Amino acid sequence: MAEVLVFVDHVDGAVRKPTLELLTLARRIGEPVAVALGEGAGATAGVLGEHGAVRVLTASGPEFGQFLVVPKVEALQAAVEAVSPVAVLLPSSAESKEVAARLALRIGSGVITDAVDLEAGESGPVATQSAFAASFTTKSRVSRGVAVITVKPNSAPVEPVAAAGAVEELSVSFSEGARATKVVSREARESTGRPELTEAAIVVSGGRGVNGAENFAVIEALADSLGAAVGASRAAVDAGWYPHSNQVGQTGKSVSPQLYIASGISGAIQHRAGMQTSKTIVAINKDAEAPIFELVDYGVVGDLFDVVPQLTEEINSRKD
């Protein structure tokens, strides 16, 4: 069976959930071979093997931590040359999409971004994408070379399947270009205790209707009751009510949770572009004609300051 390279997103050996989802998708089109790079790469083998990786290619070195993207691109290029896979899968993060584009250029292949599903095809893997505010679903494949595909988080379930997970050292020779852009400092992000926005299974977002930074406490309370991440529309971010790092939309982050709750968000195309692939969408808005209601699975016409606190109270009462 053809092999599929899976780029491992991990922090000091702790594998992040989108990688485990990629292993599920990889098994649909071949045998997963994981590529783990940087500090703690070897420590990923156990969990990767438990989720279907037949092999784990590892490479460590200061280049992966001290320089931007290019060392990862060159390591993946070395893995492609060593394995001759049918596809390379990466999570759809900002960094991974840059890695994917650079890799595809180097190996002379096409690239597909933000896929939400994968299946085997006669001429190679077929990727499903959702476009134009979920108005269209497209199926695409790379017609030349090794398919390089980034997949949105929460596009597939995490399915543990025991495999060998045999660790192999990946030989990588870095070019001068790999050391051209150096990381000179890092600042730890303040922890909120909530899940990462792009990886969360549930996202609760607030928009212009929240009407002030102090009122986002209502959105946060609902999110905390559900164990969810907090998002914000561009209008709320531009008004200074919530950090840009939490913006959902075309100029913010794309999310694809199992449940997305939009509160006080009109549903402009800019916002819809960032959340249209959510599995279930719920909107709360006092304007019955708001465009967001064209997209949702469930809509509540009402003042969010009446609806959201009641919803939070009901959720908390059922947890007792």
Among the residues of the range 24-44, count how many are under 15 Å from Val161 (Cβ atoms), in a helix (DSSP H, G or I) and touching a Gly at 6+ places or on another chain (Cβ under 6 Å).
1
Of Glu50, Glu98, Glu81, Glu119, which residue is more than 22 Å from Arg27 (Cα to Cα) and either modelled with pLDDT of 95 or more or buried (at least 18 other Cβ atoms within 10 Å of the Cβ) (or both)?
Glu98
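Name every residue in the range 231-244 that is in contact with a Leu (Cβ under 8 Å, 6 or more places away or on another chain) and surrounded by fewer than 24 Cβ atoms within 10 Å (Cβ to Cβ), in order of residue number.
Once the filter is applied, which keeps residues that are in contact with a Leu (Cβ under 8 Å, 6 or more places away or on another chain) and surrounded by fewer than 24 Cβ atoms within 10 Å (Cβ to Cβ), the range 231-244 yields nothing.
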Could you identify the single residue in Ala163, Ala134, Ala188 that is modelled with pLDDT under 95 and in contact with a helix residue (DSSP H, G or I) (Cβ under 6 Å, 6 or more places away or on another chain)?
Ala163
Based on what the data block shows, is Ala115 assigned by TED's automatic domain parsing to the domain that holds Leu170, touching a residue at least 12 places away in the same chain (Cβ under 8 Å) and under 19 Å from the mean Cα position of the chain (by Cα)?
yes
Only one of Ser93, Ser155, Ser140, Ser123 is more than 30 Å from Leu259 (Cα to Cα) and not aliphatic (A, V, I, L, M); which?
Ser123
Quick check on the range 60-79. Is at least one of its residues of a type in the set (Ser, Thr, Tyr) and over 27 Å from Val116 (Cα atoms)?
yes
Selected residue (criterion: nearest to Asp224 (Cα to Cα)) from residues of the range 277-316 that are out of contact with any Pro (no Cβ under 7 Å at 6 or more places or on another chain), buried (at least 18 other Cβ atoms within 10 Å of the Cβ) and among the small types (Gly, Ala, Ser)
Ala283
Does the range 174-204 hold any residues that are more than 26 Å from the chain's Cα centre (by Cα) and part of a helix (DSSP H, G or I), and which are they?
Glu176, Gly177, Arg179
Selection from the range 116-169 of residues that are hydroxyl-bearing (Ser, Thr, Tyr) and under 20 Å from Val83 (Cα atoms)
Ser123, Ser143, Thr150
Considering only residues that are part of a strand (DSSP E or B) and either hydroxyl-bearing (Ser, Thr, Tyr) or not assigned by TED's automatic domain parsing to the domain that holds Lys286 (or both), which ones fall in the range 205-229?
Ser205
Selection from the range 207-222 of residues that are without any contact (Cβ under 8 Å) to a residue 60 or more places away in the chain and not acidic (Asp, Glu):
Arg208, Asn211, Gly212, Ala213, Phe216, Ala217
Residue under evaluation Glu39, criteria (1) out of contact with any Phe, Trp or Tyr (no Cβ under 8 Å at 6 or more places or on another chain); (2) surrounded by fewer than 17 Cβ atoms within 10 Å (Cβ to Cβ), criterion not met:
(1)
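Say whether the condition of being small (Gly, Ala, Ser) and under 24 Å from Arg106 (Cα atoms) is met by at least one residue in the range 45-58.
We begin by selecting, within the range 45-58, every residue small (Gly, Ala, Ser); these are 45-46, 49, 52-53.
From what is left, the residues that are under 24 Å from Arg106 (Cα atoms) are none.
No: zero hits.
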Can you pull out every residue in the range 289-317 that is more than 25 Å from Gln250 (Cβ to Cβ) and not β-branched (Val, Ile, Thr)?
Gly302, Asp303, Phe305, Asp306, Pro309, Gln310, Leu311, Glu313, Glu314, Asn316, Ser317
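The values are calculated or read from the model by the stated rules, or taken from the named source; none is laboratory data. All values derive from a computational prediction rather than experimental measurement. Here Cβ is always computed from backbone atoms with ideal geometry, including for glycine, and neighbour counts include all displayed protein chains.
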